[in-house]
Amino acid sequence: RGCAGHTSSAGTKMYSYVGSSPAAQVKVSDSPAYGKLPPPAVEKKGVMVYRAGERVGFSELKYHVGWMEKHPSNGCVYAAGSGKLRAYKVAADGMLEEFSSADALGNPAHFCLSADGAWALCANYSASTLSVLPIAADGSVGAATDSKHHVVRLNPQLADRQEACHPHQVRLDPGSGAWALACDLGASRACDCD
């Protein structure tokens, strides 16, 4: 589900990271994959590490990772997992070591980092919230400084799967960074936030 690239100071691609997710696609009856694939015998939680397309390792974790993103300047990789935004240092062999985390005020399906790397915006699917967390100079994640609860009128014709607002992606304006756009499955719309 999540994926982040890590580059060396020379700018060449070194490592790619792919986070795990629950096997719901094969366990939920209304999923397109239901009945087509057997559920896994063992469900691993963590991050697969690749280099030049070859798998080089697996960072086993106690939680699934939903989204990952590389910081624009500090060399850290960030991931959403188990209701938190998590910060990782990258070891010489590409493996990840968590060194900081903070409550995302929900269970983030997606997050984005500001261009200057000072902020993370989280789209919390189940909690129907967007939250803002600071990123310190050392790369650590601070406590949320702001949040917005999505409440909009829902389409009653879609009530079977859209019973509440479910923001699942948030993107900052690439020009100014002054506003964000959040995609909301439950509301069937994109909302702008400033």
Segment 121-140, subset open to solvent by less than 10 Å² (accessible area, probe 1.4 Å) and under 21 Å from residue 20 (Cα atoms), residue modelled with the highest pLDDT: 122
Out of segment 72-110, which residues are over 13 Å from the mean Cα position of the chain (by Cα) and not in a strand (DSSP E or B)? 72, 73, 74, 75, 76, 91, 92, 93, 94, 95, 105
Of (1) out of contact with any Lys or Arg (no Cβ under 7 Å at 6 or more places or on another chain); (2) open to solvent by less than 70 Å² (accessible area, probe 1.4 Å); (3) farther than 25 Å from residue 144 by Cβ, residue 54 satisfies every one except (2)
Among the residues of segment 147-159, the number that are surrounded by fewer than 19 Cβ atoms within 10 Å (Cβ to Cβ) and either of a type in the set (Lys, Arg) or within 24 Å of residue 65 (Cβ to Cβ) (or both) is 3
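Looking only at segment 135-148, which residues are part of a strand (DSSP E or B) and within 25 Å of residue 165 (Cβ to Cβ)? Don't jump to the end; show me each part of the working.
First, the residues of segment 135-148 that are part of a strand (DSSP E or B): 135, 141, 146-148.
Within segment 135-148, 141, 146, 147, 148 qualify.
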Positions within segment 92-119 being within 24 Å of residue 50 (Cβ to Cβ), open to solvent by less than 50 Å² (accessible area, probe 1.4 Å) and either of a type in the set (A, V, I, L, M) or at pLDDT below 90 (or both), in sequence order: 95, 96, 109, 113
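The values are calculated or read from the model by the stated rules, or taken from the named source; none is laboratory data. Here the structure is a predicted model, which means the values were calculated and not measured. Reconstructed Cβ throughout: ideal geometry from the backbone, glycine too, with neighbour counts over all protein chains shown. Heavy atoms of the whole protein, side chains included, go into the accessibility calculation; ligands, DNA and RNA do not. Shrake-Rupley method; radii C 1.70, N 1.55, O 1.52, S 1.80 Å.
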